[in-house]
1. Take the residues in the range C:212-231 that are under 26 Å from the mean Cα position of the chain (by Cα) and either modelled with pLDDT of 90 or more or in a loop (DSSP other than H, G, I, E, B) (or both), then tell me which one is nearest to the other protein chains (Cβ to nearest Cβ).
2. Return the total of residues in the range B:258-279 being surrounded by fewer than 18 Cβ atoms within 10 Å (Cβ to Cβ) and not in a helix (DSSP H, G or I).
3. State yes or no: is residue B:259 within 30 Å of residue A:82 (Cβ to Cβ) and in contact (Cβ under 8 Å) with a residue 40 or more places away in the chain?
4. What pairs can you find where one residue is in the range B:40-58 and at positive phi, the other is in a strand (DSSP E or B), and their Cβ atoms are less than 7 Å apart, with a gap of 6+ or different chains?
5. Working carefully through the options B:253, B:236, B:228, find the one that is surrounded by fewer than 14 Cβ atoms within 10 Å (Cβ to Cβ) and not in a helix (DSSP H, G or I).
6. Looking at A:69, A:37 in this structure, which one is of a type in the set (Val, Ile, Thr), assigned to a helix (DSSP H, G or I) and either farther than 19 Å from residue B:94 by Cβ or away from every other protein chain (no Cβ under 11 Å) (or both)?
7. Right, residue B:277: modelled with pLDDT of 90 or more, hydrophobic (A, V, I, L, M, F, W, C) and at positive phi or not?
8. Looking only at the range B:291-304, decide whether some residue is under 19 Å from residue A:73 (Cβ atoms) and assigned to a loop (DSSP other than H, G, I, E, B).
Amino acid sequence: MDRALRTRLERRFGERLTGPVRQRHDETEIRITAADVTEVVRSLHDEPELDFRLLADLCGVDTGDRMQVVYHLWSATTVDWLRVVADGLDRESPRVPSATFLWKGAEWMEREAYDMFGIVFEGNRDLRRIYMPDDYASFPLRKDFHLADDSSRSPGLGVRPMEETLAPADATPATLLRRSGAERA
Amino acid sequence: MTTDARTPNPHAALDDPSVLIEDVVRESIVEAVPIGRTERQAEFYTLRDGEMLLNMGPQHPSTHGVLRVVLKIDGERVVDIDPVIGYLHRGVEKLCENADYHQAICYTDPLEYVSSLFCEWAPVMAFEKLLDVEVPRRAEYIRVLSTELNRVASHALTMGWFALDLGGLTPVLYSFIERDEIMEMLTALTGQKLLFNYMRIGGVNGDLNHEFMSRLGDWMSRAARHIESNQGLLNENEILVRRARGLGILDPETALRMAVTGPNLRASGVPFDVRRAHPYSVFPELDFDIPTRQEGDCLARYLLRIDEIKQSLRIIDRCLHQLPDGPVMARLPRLVRPRPGRAFAAVEGPRGMYAAYVISDGTDQPFRMRIHDPSFVHLQLVGLMTPGNLVADTMAIMASLDPVMGGVDK
Amino acid sequence: MAQGRPHVAVNDRALDPIGANSALDPVGGSGAPDGATALPVPAASTDVVEAIVVPNTLWTPVDPADYGPGTTGLNAEIEHLREVEASGVMSRDDARWSGALEIIPTKADYVLDLIRANSLWPLLSGLACCAIEMMSTATSRNDIDRWGMFPFRASPRQADVLIVAGTLTTKMAEPLLRLWEEIPEPKWCVAMGDCTCSGGRFKRSYSTVQGIDRIMPVDVYVPGCPPRPEGLIYGMMKLQKLVVDRRGHWPERKIGPTVPAGL
C-alpha cells in the first residue's frame, strides 16, 4: 500500500480520474473513462517518475450494466501493482482505444477481450476471434450468456450448443446480423 | 446448421410480392458489421510472387499441444507467420464464475498442466487477499517447496521437448525420468500425479508425510549429479548449439513491449522475477539468485532454464532447513463469502508471470475470474522472431519459448 | 547444326542449364567448338511432329452395342458394384490374402489379429494434460514399447490407434474427425481421460464436446483425470484383447465412412 504512489497519481491525473484512488493490500486502482485511456496509459508508460513499463494483464469485465477494460501495470518505482480501470463502456457497443501502440503484446489480449465480450479496440490491427471459431456468433463471457448443463444436442462438426440455445426463434443466418453492436437475445 | 421446424425460410421475403427487393437488400447489408479481413489478415494473406502458405497443425508432432501455425514461406525461408489458437479453449473463466471459490481451484489446474501448482497458487492468493486470510508459515513453506519441485519438473520437460523438436529423441527420455521421479514425490504429497488440486484457500491440503520426505531426501542427494549428466548430453552438443545459437534474438526493449515475463525476459537481460520484483509468500526470507543472460537467443533461454533448476534446488534446500512447525491450513468456513472487491495476485511460474485477477460481488461465487497466462503472451513472439528464418527454425523458436497450449487457450 | 541456329532472345536456361549449347548464348558466340559439346540438344524448333499411326491389324475390336443396353457404361458399373456388395466380400476382413484364407479362415485370422494386437501404432494426438501422461507412458519408466506401441506416428496414414488424450473442443472436433477418417482401416479409438469419455470436469463448458463418442466410435474408455500410465497401459491391454477377440467397432463395419449417416 504505497501512499506516495497515491499522491503522485492524484497530482498527475487528478481531473481525469472518475473516482478516488483506491488501495488495498498491494494494489492501487484508478478509474478513468474510455476516452482518456490513450493519454493516461501513455503518461504512465513514458514518464520517468511513473515508469509503468510492464503490462501485466489486460482484460475485460462485464459488470452486468456496463463493461470495463482493466489494465494491470508494474513499475520499478513502486511496490504496488497499478490497476487502471477504463470504466463506463456501453454494454451494447463497447469501444475503447487500443493499447497496442505502446505494447505490441497487448494485441492478443485485446483479441481475447473482443472474443469473450465483444469489446472493440480501436487501433488494433488484428481484431478477430482468437479462441472461438471464426463464425461463432456469441460472446461467451458476457453475463447474458448462460451455461447449460448438458449442452450438446447434435453431435458432429457443427456442435454449437450455446448458439442454438440463445438464438431467438426467428433467427436465421440471413437475419443474424449485428445491428450497430447490439446483441441478439 | 439445424433444420428445425421453427426456423423459417430465410428467402421467404423474396417470394412475397409485396416486399420490395431494395428493402431486403438494404436491410441485409447496411447495418451488418463487416466480417471482412482485419488489416493484419489482409497483409498476411496477400501472397507475393513465389510465396506459399503452409499449414502446420493443429495436430503436429512438434507443437506443444494443439497449435495451428500458418506459415507464409518463400522456398525454405519463412516470410510471415500466423498462429491460430483456440483448439483447447475450455471456457475455464466462465466455469469458475459458476462455481464456488473452493471449486474454482479445480478448474484452474488443467490450464498449464505441466506446472499446475502455479496455476492454483495465483488464484488462491487472490482469494486470500479478498478474504484477508493469513496463511500459516508452515503452509507457505510447503507451498514454496512443492512449487519449486514442480518448477524443476517443468523445466526438465522443457529441455526434453526442446531437443525433441530439434530432432533428438533421447533427451526427452531422460527428462521424463526426472519428471517421473518428482511426480512420484508429489503424488505421495498431494495424492495426484498431474493435476494436483493441492492448494487451498489459507494453506495446503495436507502436511508433509514420511514417504514424501524420504523420496525427497533421496532425490535431493542425487539431483545435482543428474542435472549435470543430463546437461552433458546437450549443452555441448554441436548440433543443438549451432542450431540454437543466434536464433530468435529478443532484445530487452522489444521484450518489454511484448509484455514478456519469465525466463524469456531474463534471457534477454532484464532481471525481472516476480519473486524478487514483487515478493510474495516467504520468498523474502529465502536466499536465491535470479539468473540472467544477455544474448536473448534460443540457446540462452535453454541455458537459463538449467540455471533456474539449480536455483530451485537451492530454494528447496533452504525450505527444508527453515521449515517451521504449525498448521498447514487456516480455518475457513466451507462456504466462503468475501466482501465485494477486487484482487490481483501474480506468481513466478516456470514460463513467466502467472497472474489471477478476481472480482468478488459478495456472493459465494467469483464474479469474474481472470487468468493471465504467460504462454499466451509469449506466443505472439513467434510472429516476431520467425520471419527470415528457415522452416525448421520455427520449431526451435517455439520450443525455446516453451508455450503450453492449455494455458494459452484457457 | 550450323545453319539452323535459332536466335533465342531470352536467356532460356531451362533449355540449356549447363551452357552446353552456345547457340542459345544471348551474347551470340561464334558457334560450338569442335567436339567440345557433344551433348544431345533438344530441337529448338516449334514444328509439330507428325504422329506415327500404326493401324490396328492385331485384333478386331468389339462393338459395345453387341452386349446390350445395360451392360456397359456407368450403369453397368453400378450394377456390378451392387452385386459385389450383395455377395458380402466387402464386409469381410479386407486385408485377407485372397484365396488361401477361404480354406483355413480361423487360424490365419487369429494370427493376423495377433500381429495387429502386438504392433498397434498410435497416432500422436495429444491434446491436453492427458498427453503428458501418454508421453509418460511412452518413456522409460512405464514403457509402452514392451507392447510394441512405441512408434507414435506423426501421420495418420501410418497409424492404427487413435488415442484421443485431452479435452476435445468444438473447434478441434473437425480436425480430429479428419484425422480419424484419414487413418486407414483397421483402426481403433481409445478415449483417454475423463474429458474424452464424458466431458469430465468441463462438462458444463460451452466449447467442449462432452465425450468423443458423440462424434466417433470409441473402442476403449480409459477414465481418470489424468489416468495414470498404468491405467493407460491397462486400457491398451484391453484393446489388445479386443483386437484378438475381434470385438470393438471395426470388424462389423462395412467399408465406408465410419461416422453414421445423419450426423
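1. C:215
2. The total comes to 3.
3. Details: within 30 Å of residue A:82 (Cβ to Cβ): yes; in contact (Cβ under 8 Å) with a residue 40 or more places away in the chain: yes.
Answer is yes for this residue.
4. B:50/B:74; B:57/B:68; B:57/B:69
5. Numbers: B:253 fails: not in a helix (DSSP H, G or I); B:228 fails: not in a helix (DSSP H, G or I).
Matching residue, one of B:253, B:236, B:228: B:236.
6. Exactly one residue qualifies, and that residue is A:37.
7. In short, no.
8. From the range B:291-304, those under 19 Å from residue A:73 (Cβ atoms) are none; that's our starting set.
No: zero hits.
The values are calculated or read from the model by the stated rules, or taken from the named source; none is laboratory data. Not measured: the values here are computed from a predicted model. Note that each Cβ is placed from the backbone with ideal geometry, even for glycine, and that neighbours are counted across all protein chains shown.
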